[in-house]
Amino acid sequence: CQWLLSRLNAATAAVVAAMDAYDFATATQRLYAFWQYDLCDVFIELMKPVMASGDERAQQDTRATLWAALETGLRLLHPFMPFVTEDLWQRLPRRPDHAGCRSIMVAPYPVAQADHARPELEAAFEYMQAVVTAARKMRSDYGLTKQRPALFVQVADASRKAQLSGLASEIATLGTGASVAVLGPGDSDAPPGCSVAIVDDVTAIKMQLAGILDPALEIQKLEKKAGEIQGRIDAMKTKFALPTYDKTPDKVKADDAERLAKAEAELAANTQHIEDFRTLLGAA
């Protein structure tokens, strides 16, 4: 909850500063980022397990935070979307100090408050979101949809481990994991049968795939896909080798080179996945 209020406070400061400078493009970008990435992508997803739990105090705090974000966010957005923000604002409970405001048009415009800023918490969440991004990419790479594998985050720095340990449940929720264990220096390693992705120079995330995917079947699928990718690469290289290709416009050549680079990168990633599954097959 404090993280969202801090992000709301930062968005308020940025929007007000941008509007004072008549920089409306920046103002709308910061508003969009808050609504889309902070409120919808993160906070509303993190709300779901809280609202499904039996913790009434946590549910009350979460509802209050959501209301504050919606009410303040609508007032921030009002100059850019006057009609829809008026309609939505009228449906929300009034703030005690706005009881006399019959319209969002006459409600005070938000002002940033220094005591709402939590830079250390924002930094911790940014770190956590980098881990979540890596976990989501692994899920996409391995075609996981409904499965919820166990996640293991290995952190070589003790202070960074402490930073992540308090956000394990958030990683599990956003990364769709059955559980999350944050492992630091001296802790036991993740169990066999895990795939690994590097987050940064001190952080790696491992996803337990053993028992979730059939390595032999996945290898067959990936080998077939590798053949298809290699066929595209060979066709492009054959095209490049034609004598008439020298007359091709430079822009077309640049586009072709970019397509070749992407195909080669896709093949390299596919090959790595095959090796990962072979490792899993050996560990099974």
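The values are calculated or read from the model by the stated rules, or taken from the named source; none is laboratory data. As the structure is a computational prediction, the values presented were derived from the model and not from experiment. Cβ coordinates were reconstructed from backbone atoms using ideal geometry, including for glycine residues, and neighbour counts include every protein chain displayed. Side chains included, ligands, DNA and RNA excluded: accessible areas come from the protein's heavy atoms. Shrake-Rupley method; radii C 1.70, N 1.55, O 1.52, S 1.80 Å.
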Are any residues in region 1-36 at pLDDT 95 or above, within 18 Å of residue 65 (Cβ to Cβ) and not hydrophobic (A, V, I, L, M, F, W, C), and if so, which ones? 6, 7, 9, 12, 36
All but one of (1) open to solvent by less than 20 Å² (accessible area, probe 1.4 Å); (2) touching a residue at least 24 places away in the same chain (Cβ under 8 Å); (3) over 29 Å from residue 179 (Cβ atoms); (4) not polar (S, T, N, Q) hold for residue 35, so report the exception by its number. (1)
So which pairs qualify, if the first residue must be in region 74-96 and surrounded by 17 or more Cβ atoms within 10 Å (Cβ to Cβ), the second must be small (Gly, Ala, Ser), the Cβ gap must be under 6 Å, and the two must be at least 6 apart or on different chains? 75/107
Residue check: is residue 203 surrounded by 14 or more Cβ atoms within 10 Å (Cβ to Cβ) and among the hydroxyl-bearing types (Ser, Thr, Tyr)? yes
Subset of region 250-284 (residues that are of a type in the set (S, T, N, Q) and open to solvent by 80 Å² or more (accessible area, probe 1.4 Å)): 272, 279
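Picking from 242, 213, which residue would you name as being open to solvent by less than 40 Å² (accessible area, probe 1.4 Å) and not aromatic (Phe, Trp, Tyr)?
Values: 242 fails: open to solvent by less than 40 Å² (accessible area, probe 1.4 Å).
Exactly one residue qualifies, and that residue is 213.
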Checking residue 50 against (1) touching a helix residue (DSSP H, G or I) at 6+ places or on another chain (Cβ under 6 Å); (2) surrounded by fewer than 14 Cβ atoms within 10 Å (Cβ to Cβ), the condition it does not meet: (2)
When region 232-247 is examined, which residues are found to be over 15 Å from residue 262 (Cβ atoms) and either under 30 Å from the mean Cα position of the chain (by Cα) or among the small types (Gly, Ala, Ser) (or both)? 241
On the basis of being under 27 Å from the mean Cα position of the chain (by Cα), modelled with pLDDT of 90 or more and not hydroxyl-bearing (Ser, Thr, Tyr), does residue 207 make the cut? yes
Among (1) in contact with a Gly (Cβ under 8 Å, 6 or more places away or on another chain); (2) farther than 29 Å from residue 155 by Cα; (3) not polar (S, T, N, Q), which single condition is residue 263 missing? (1)
If a residue must be under 14 Å from the mean Cα position of the chain (by Cα) and either among the basic types (Lys, Arg) or open to solvent by 80 Å² or more (accessible area, probe 1.4 Å) (or both), how many such residues does region 106-138 contain? 4
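What is the residue count in region 139-192 for residues that are of a type in the set (Gly, Ala, Ser), surrounded by 15 or more Cβ atoms within 10 Å (Cβ to Cβ) and closer than 28 Å to residue 2 by Cα?
Result for region 139-192: 8.
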